[in-house]
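Reviewing the structure listed below.
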Amino acid sequence: MITVDPRQLKLEPGQKVLDLGCGEGRHAIHLLISEAIDIVAVDLNIADVRTACERAQPFAEQQQTRGRLLFSVANGLQLPFAEGTFDVVICSEVLEHIEDYRAVLAEIDRVLKPGGIFAASVPTFLPEWICWQLSDEYHQVEGGHIRIFRERELRSSIERLGHSFFARHKAHALHSPYWWLKCWLWDRPESRVLAAYHRMLVWDLMQKPFLTRALEKLLNPFLGKSIVLYFVKPQSSPVAAEIITEVMGETDTPAVAVEVQS
C-alpha cells in the first residue's frame with residue numbers, strides 16, 4: 001500500500017531517489033520493482049530498516065527488480081548526503097512524528113537537486129482529529145503523532161523554502177473508518193468488528209476489486225486518511241539557503257547501511 005503516486009514524481013531511468021522515513025519499506029520496495037532508478041531508503045528505527053531489508057531481499061534474489069536499493073539508518077535532522085544528491089525526495093507519514101519538522105524540511109531541501117521533486121504526505125486533518133478525540137492512547141504512544149497538520153500549514157512551510165507546489169491528492173479513505181473503530185475500541189483489540197474490517201482492507205489490498213477501488217476513489221477527497229503534496233525545487237533558492245542556516249542544528253547520529261541490489 002503506497003501513498004505517494006509515482007506518476008507525479010516524473011521519474012526517469014538512472015535518477016536517485018531518497019525515501020526519508022521509509023519505515024518498513026513500502027515506497028522503496030515498490031520503486032525497486034517498478035522503476036530503473038537508484039533508491040536510498042533511510043529511517044531512524046533500525047528494527048524497521050531490518051524488516052524493510054528482509055522484505056526487499058526476495059525480490060532481488062528472484063531478479064524481480066528494475067532498480068537498485070540501499071537501506072540506511074540515519075537522522076532526518078542531519079542526513080549523511082552531500083548537497084544536491086537526489087532527483088526526488090519522498091517523505092511519507094513522517095513529519096507528524098517530529099518536533100522540529102521544519103529542520104527536516106530544510107535538510108530535504110539541502111539534499112534535493114535544483115529542479116528536483118519533493119513529495120510529502122501527512123495524516124489529513126479531519127480523520128486525524130477524529131482519532132485524537134476517540135483515543136488519547138492513539139497519539140500518546142511512544143513514537144506517535146505529536147501534531148495534526150492543516151494542509152495550508154504544511155504547504156506554507158515547504159513553499160517558504162522556495163519550492164513550487166504543483167499537485168495534491170488524498171489517499172486511503174477506506175482506512176479512515178478502520179482507524180476510528182480502532183481508536184473507539186482501543187481497549188478491545190480483539191473486537192470481531194475490528195477484525196472483520198481489517199480482513200476487508202487486506203482483501204481490498206490484495207485483490208483490488210473494482211467496487212472498493214471505485215468507492216475509495218470517490219471518497220478520497222472527503223475522507224482520505226492521508227494528504228499528499230507535490231513540489232518542485234527551483235533552480236536557485238537563496239531563501240532556502242537562509243532558512244537552512246537559521247534552523248539546522250548539530251546532531252551526532254551516524255548512518256549504518258544495509259544494501260539490497262538487483
Cross-chain or 6+ apart pairs with Cβ under 6 Å, the range 136-159 first and free of Cβ contacts under 8 Å to residues at least 24 places away in the same chain, then aromatic (Phe, Trp, Tyr) and surrounded by 11 or more Cβ atoms within 10 Å (Cβ to Cβ): HIS139/TRP132
Residue that is on the phi > 0 side of the Ramachandran plot and either outside the structural domain of PRO234 (by TED's automatic domain parsing) or surrounded by fewer than 21 Cβ atoms within 10 Å (Cβ to Cβ) (or both), where the choices are GLY14, GLY25: GLY14
Pair list, Cβ < 8 Å and 6+ apart or interchain, from the range 1-16 residues that are farther than 18 Å from ARG68 by Cα to residues that are exposed (fewer than 13 other Cβ atoms within 10 Å of the Cβ): MET1/LEU205
Count - residues of the range 35-58 that are assigned to a loop (DSSP other than H, G, I, E, B) and touching a strand residue (DSSP E or B) at 6+ places or on another chain (Cβ under 6 Å): 1
Helices (runs of 4 or more DSSP H) lying entirely in the range 59-177 (those with 3 or more residues that are in the same structural domain as HIS30 (by TED's automatic domain parsing), crowded, with 18+ Cβ neighbours inside 10 Å and of a type in the set (Asp, Glu)): none
Lone qualifier among PHE86, PHE81, PHE59 - being more than 21 Å from VAL122 (Cα to Cα) and under 17 Å from the mean Cα position of the chain (by Cα): PHE86
Any hit, the range 100-121, residues being under 15 Å from LYS225 (Cα atoms) and of a type in the set (A, V, I, L, M, F, W, C): yes
Given (1) among the acidic types (Asp, Glu); (2) modelled with pLDDT of 95 or more; (3) out of contact with any strand residue (DSSP E or B) (no Cβ under 9 Å at 6 or more places or on another chain), index of the condition ASP109 fails: (3)
Any hit, the range 157-170, residues being over 30 Å from PRO234 (Cα atoms), under 18 Å from the mean Cα position of the chain (by Cα) and of a type in the set (Ser, Thr, Tyr): no
Filter pass, ASP43 being closer than 25 Å to LEU201 by Cβ, modelled with pLDDT of 95 or more, outside the structural domain of VAL104 (by TED's automatic domain parsing) and not β-branched (Val, Ile, Thr): no
Of all residues making up the range 121-160, the number that are more than 19 Å from LEU223 (Cα to Cα) and of a type in the set (A, V, I, L, M): 3
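The values are calculated or read from the model by the stated rules, or taken from the named source; none is laboratory data. Owing to the predicted nature of the structure, the values given are computational and were not obtained by experimental measurement. Heads up, the Cβs are rebuilt from the backbone with ideal geometry, glycines too, and the neighbour counts pull from every protein chain shown.
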